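Heads up: the structure comes next, in structure tokens.
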Amino acid sequence: MDFTSLLSFLGVAVLLTLMPGPDILFVLAQSMSQNRKAGIATALGLCTGLLVHITAAVAGISALIYQSALAFTIVKYAGAAYLLYLAWKAFQEKGVGLSIDKQSALAYRALYKKGIIMNVLNPKVSLFFLALLPQFVNNGAGSAPWQMLLLGIVFLIQAFVIFSLVSWFADKLGHLLMRSSFIKNQMHRIKGVLLALIGLQVAFSKN
């Protein structure tokens, strides 16, 4: 694969990652309400989930999901239901858990797992890779599956870098917002509303 094609793919990947979507909004919500480490733990989980989708696209499993409307719908609504469950849990926090910089390793592990589950239960991601990766495959440059895998890894790396930067900025914003006692007491509701909106976005998105 030539360097120009790889650079073009990277540019497209960065723009697509920066677009408001469930993943980046989820990282934003966790970073603002807790801290940047929480956001990075979430980002690690999301990127681990990306590995599943990349593998599915390379192996052709994504195409099978796309061809089965029932399978696509089941996975999509399962993902939406999980996000709405997380929103409900956020509403139950009542301001607890906003003690910035006091998260335990167990809490970060839980966020990592949430990131994996959320990403894997979004079939749109698999279809995204199925549509995007083949466009940058050079038929004269060797195995197409290996090229797709390489492109997927490039996408994953840049996504983690961007999510980490978003975590850092959202953490700074969260610290500023926490100076207001009203916002601090309402942060769990803000996070709950954001997660609910993400869940509804997934549920009502078209195939």
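The values are calculated or read from the model by the stated rules, or taken from the named source; none is laboratory data. Bear in mind that the values here come from a model prediction, so they are computed numbers and not experimental data. Here Cβ is always computed from backbone atoms with ideal geometry, including for glycine, and neighbour counts include all displayed protein chains. Only protein heavy atoms, including side chains, enter the accessible area calculation; ligands, DNA and RNA are left aside. Shrake-Rupley method; radii C 1.70, N 1.55, O 1.52, S 1.80 Å.
Derived scalar couplings between HN and Hα for the range 153-160 equal 5, 4, 4, 4, 5, 5, 5, 5 Hz in order, rounded to whole Hz, by the Karplus curve 6.51 cos²θ - 1.76 cosθ + 1.60 (θ = phi - 60°), x for Gly and Pro. Of the solvent-accessible surface of the chain, computed with a 1.4 Å probe over protein heavy atoms with every protein chain present, carbon and sulfur atoms account for 70 percent.
Each Lys and Arg contributes +1 and each Asp and Glu -1, all at the Cβ; summed about the Cα centre of the range 3-170, the dipole is approximately 400 debye. Rounded to whole numbers, the Karplus 3J(HN,Hα) couplings from phi for the range 82-87 are 5, 5, 5, 5, 4, 5 Hz, using 6.51 cos²θ - 1.76 cosθ + 1.60 with θ = phi - 60°, and x at Gly and Pro. Among the lysines of the chain, pairs at least eight places apart or on separate chains and with Cα atoms under 13 Å apart come to 9. Using a probe of 1.4 Å on the protein chains alone, the accessible area found for Y82 is around 40 Å². With R₀ set to 35 Å, the beta-carbon distance separating I74 from Q186 gives a calculated FRET efficiency near 0.50. Against the criterion of solvent-accessible heavy-atom surface with a 1.4 angstrom probe, R36, R179 sort, most first, into R179, R36. Can you check what the net charge comes to around G199, using other residues whose Cβ is under 15 Å from the Cβ of G199 (Lys, Arg +1; Asp, Glu -1)? Charge balance in the 15 Å sphere: +4.
Sequentially through the range 173-181, phi angles give Karplus couplings (6.51, -1.76, 1.60; θ = phi - 60°) of 5, x, 4, 5, 5, 5, 5, 8, 4 Hz, Gly and Pro residues having no value and appearing as x.
Shape summary of the chain, radius of gyration then Dmax from alpha carbon positions: 17.9, 61 Å. Rounded to the nearest 10 square angstrom, L149 shows an accessible area of 60 square angstrom against a 1.4 Å probe.
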